[in-house]
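Student: What follows is a single structure, and I will ask about it in a moment.
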Amino acid sequence: MSTSDCQPAEYITPAESEVVYNRRIGPGWYVLRLREESIARRSEPGMFVQVLCSEGESFDPLLRRPFSVYSTDEENGTYDILYTTVGRGTRWMAALPDPETAEGNEPPARVDVLGPLGNTFTMPKGDETVYLVGGGVGVAPLYFLALRLLELPDPPNIHFCMGARTGEFLQGIADFRDLPIHTRVATNDGSEGFHGFVTDLFLELWKEGSSTAGVRVYGCGPQGMNESLRNLSVDNALSCEICLESMMGCGFGICFGCVAPIRKDTDSEFINRRICWEGPVFDSRLLCPGIDG
Ligand SMILES: Cc1cc2nc3c(=O)[nH]c(=O)nc-3n(C[C@H](O)[C@H](O)[C@H](O)COP(=O)(O)OP(=O)(O)OC[C@H]3O[C@@H](n4cnc5c(N)ncnc54)[C@H](O)[C@@H]3O)c2cc1C
Ligand code: FES
């Protein structure tokens, strides 16, 4: 499946996932490991799951919350979500009992999850140097992509750039540092790594290292970062795909709550397209300069 495809309708099947662990990795940051064989088997980098963050008959909050798949373990039928607490849904997730630390013999909690949904990143060509540019929880799909790239028979040279406001928001970075890739960080206040925006760090690294040819860029982050990456990749004719993490309703194409002006191809006009269904991964040339997603 590529950036231009979306999943067939039969993929929209809610399934109960069992909580394997729910580990706090930093202030307000967690990794939730869930067991559900079919989601673990079908997930690809860029895809997301829709988590029902309520129990029993409460349906409050009503709308499921979308989360990128962070990694999978097909052998054990598990998949991970890297998340940060921002509101009711994610606080509900943080309160899920962690079987690894729970006392007593309570059975593991179960969570109602829909997915995997959405499209995936396109794999690079054999000799391309890969740059992964991420901000905040946007690093989640990039980590999964890095794992998949490293599984290729001849893995590419991979540079990962992560940005955050300050050093304390660089969560998930330890997992990247454990991989055989080049990892650099940027903070807005200079408290760790490069002083400035992650897109400036990327531009500096790219200018030092490569020509336009043979470079593949993948990005995911907050709107400002995505916008800046879109603009600099188009201006420099860099091959780039961006995963948009916009607000969503249904997550599978029926409510039109996630539309943004996105072209079908580089010669066409901007039209409203569904980020959940035609995306969330798009070629940067198809996005409008002030990305609305
Ligand atoms: C495709 C996709 C993948 C995502 N992947 C991840 C992930 O891997 N890890 C992760 O932590 N989060 C991810 N998100 C964002 C996550 O879905 C939201 O943080 C979550 O829905 C917030 O739910 P809540 O009930 O806790 O907060 P709410 O109470 O709904 O909102 C709290 C605050 O967060 C803001 N907010 C809510 N949703 C979003 C959003 N999508 N983008 C920006 N601000 C938002 C609201 O405006 C509000 O200010 C992803 C979103 C999308 C669309
Ligand atoms: S969230 Fe409903 S159509 Fe995209």
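The values are calculated or read from the model by the stated rules, or taken from the named source; none is laboratory data. Since the model is a prediction, treat every value here as computed from it, not as a measurement. Here Cβ is always computed from backbone atoms with ideal geometry, including for glycine, and neighbour counts include all displayed protein chains.
Student: Got at least one residue in the range 107-114 being at negative phi and in contact with a Lys or Arg (Cβ under 7 Å, 6 or more places away or on another chain)?
Tutor: yes
Residue-wise test of (1) modelled with pLDDT under 95; (2) more than 29 Å from PRO14 (Cα to Cα); (3) out of contact with any Gly (no Cβ under 8 Å at 6 or more places or on another chain).
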site: PHE121; (1), (2), (3): no, no, no
site: LEU145; (1), (2), (3): no, no, no
site: PRO153; (1), (2), (3): yes, yes, yes
site: PHE160; (1), (2), (3): no, yes, no
site: GLY172; (1), (2), (3): yes, no, yes
site: LEU201; (1), (2), (3): no, yes, no
site: GLU208; (1), (2), (3): yes, yes, yes
site: GLY219; (1), (2), (3): no, no, no
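Student: Kindly indicate whether PHE144 is closer than 17 Å to CYS243 by Cβ and assigned to a loop (DSSP other than H, G, I, E, B).
Tutor: On the way: closer than 17 Å to CYS243 by Cβ: yes; assigned to a loop (DSSP other than H, G, I, E, B): no.
When the stated conditions are applied, PHE144 does not pass them.
Student: Does GLU241 meet the test of being of a type in the set (D, E, K, R), within 15 Å of ligand 2 (Cβ to nearest atom) and buried (at least 19 other Cβ atoms within 10 Å of the Cβ)? First the steps, then the outcome.
Tutor: Working: of a type in the set (D, E, K, R): yes; within 15 Å of ligand 2 (Cβ to nearest atom): no; buried (at least 19 other Cβ atoms within 10 Å of the Cβ): yes.
For GLU241, the condition - of a type in the set (D, E, K, R), within 15 Å of ligand 2 (Cβ to nearest atom) and buried (at least 19 other Cβ atoms within 10 Å of the Cβ) - is not met.
Student: I would also like to ask the following. Please specify each residue of the range 244-285 satisfying the condition of being out of contact with any Ser or Thr (no Cβ under 7 Å at 6 or more places or on another chain), more than 13 Å from ligand 2 (Cβ to nearest atom) and either in a helix (DSSP H, G or I) or not aliphatic (A, V, I, L, M) (or both). Explain how you work it out, then say what you get.
Tutor: As a first pass, look at the range 244-285 and keep what is out of contact with any Ser or Thr (no Cβ under 7 Å at 6 or more places or on another chain): 244-257, 259, 261-274, 276-280.
Imposing the further condition that a residue be more than 13 Å from ligand 2 (Cβ to nearest atom) reduces the set to 261, 263-271.
The answer is PRO261, ARG263, LYS264, ASP265, THR266, ASP267, SER268, GLU269, PHE270.
Student: With ASP127, ASP200, ASP154 as the choices, which residue is over 19 Å from the mean Cα position of the chain (by Cα) and either in the same structural domain as PHE48 (by TED's automatic domain parsing) or touching a residue at least 60 places away in the same chain (Cβ under 8 Å) (or both)?
Tutor: Details: ASP200 fails: either in the same structural domain as PHE48 (by TED's automatic domain parsing) or touching a residue at least 60 places away in the same chain (Cβ under 8 Å) (or both); ASP154 fails: either in the same structural domain as PHE48 (by TED's automatic domain parsing) or touching a residue at least 60 places away in the same chain (Cβ under 8 Å) (or both).
Exactly one of ASP127, ASP200, ASP154 is over 19 Å from the mean Cα position of the chain (by Cα) and either in the same structural domain as PHE48 (by TED's automatic domain parsing) or touching a residue at least 60 places away in the same chain (Cβ under 8 Å) (or both), namely ASP127.
Student: Further question on the same structure: Which of the residues spanning the range 242-288 are closer than 25 Å to HIS159 by Cα and either modelled with pLDDT under 95 or more than 14 Å from ligand 1 (Cβ to nearest atom) (or both)? I'd like the intermediate steps shown before the answer.
Tutor: Of the range 242-288, the ones closer than 25 Å to HIS159 by Cα are 242-245, 279-287.
Passing the criteria: GLU245, ASP283, SER284, ARG285, LEU286, LEU287.
Student: Then there's this: Counting residues that are acidic (Asp, Glu) and within 16 Å of ligand 1 (Cβ to nearest atom), which strands (runs of 3 or more DSSP E) fully inside the range 33-85 reach at least 1? So that I can check it myself, show each step before the final result.
Tutor: Numbers: elements: 48-51, 65-68, 71-73, 78-84.
Where strands (runs of 3 or more DSSP E) fall fully within the range 33-85 and carry at least 1 residues being acidic (Asp, Glu) and within 16 Å of ligand 1 (Cβ to nearest atom), they are 78-84.
Student: Sort through LEU238, LEU229, LEU205 and tell me the only one that's touching a helix residue (DSSP H, G or I) at 6+ places or on another chain (Cβ under 6 Å) and in the same structural domain as PRO141 (by TED's automatic domain parsing).
Tutor: On the way: LEU238 fails: touching a helix residue (DSSP H, G or I) at 6+ places or on another chain (Cβ under 6 Å); LEU205 fails: touching a helix residue (DSSP H, G or I) at 6+ places or on another chain (Cβ under 6 Å).
After applying the criteria, what remains is LEU229.
Student: Moving on. Taking ASN236, is it at pLDDT below 95 and surrounded by fewer than 18 Cβ atoms within 10 Å (Cβ to Cβ)? Break it down stepwise before answering.
Tutor: Details: at pLDDT below 95: yes; surrounded by fewer than 18 Cβ atoms within 10 Å (Cβ to Cβ): yes.
In short, yes.
Student: In addition: The conditions are (1) within 16 Å of ligand 2 (Cβ to nearest atom); (2) over 23 Å from the mean Cα position of the chain (by Cα), and PHE48 fails exactly one of them. Which is it?
Tutor: Going through (1) within 16 Å of ligand 2 (Cβ to nearest atom); (2) over 23 Å from the mean Cα position of the chain (by Cα) one by one, PHE48 breaks only (2).
Student: Could you identify the single residue in ARG42, ARG35, ARG64, ARG88 that is out of contact with any Gly (no Cβ under 7 Å at 6 or more places or on another chain) and crowded, with 16+ Cβ neighbours inside 10 Å?
Tutor: ARG42
Student: While we're looking at this one, here's another question. Quickly run through the range 164-197 and pick out the residues that are part of a loop (DSSP other than H, G, I, E, B) and surrounded by 13 or more Cβ atoms within 10 Å (Cβ to Cβ). Don't jump to the end; show me each part of the working.
Tutor: Taking the range 164-197 first, the residues part of a loop (DSSP other than H, G, I, E, B) are 165-166, 170-172, 178-181, 188-193, 196-197.
Across the range 164-197, the qualifying residues are ARG165, LEU170, GLN171, GLY172, LEU179, ILE181, ASN188, SER191, GLU192, GLY193, GLY196, PHE197.
Student: Now for a different question. Give the residues of the range 198-241 that are assigned to a loop (DSSP other than H, G, I, E, B), within 16 Å of ligand 1 (Cβ to nearest atom) and closer than 20 Å to HIS182 by Cα, sorted by residue number.
Tutor: Kept after step one, since they are assigned to a loop (DSSP other than H, G, I, E, B), are these residues of the range 198-241: 210-214, 221-222, 236-238.
Now drop any that are not within 16 Å of ligand 1 (Cβ to nearest atom), which leaves 221-222.
The one that is assigned to a loop (DSSP other than H, G, I, E, B), within 16 Å of ligand 1 (Cβ to nearest atom) and closer than 20 Å to HIS182 by Cα: GLY221.
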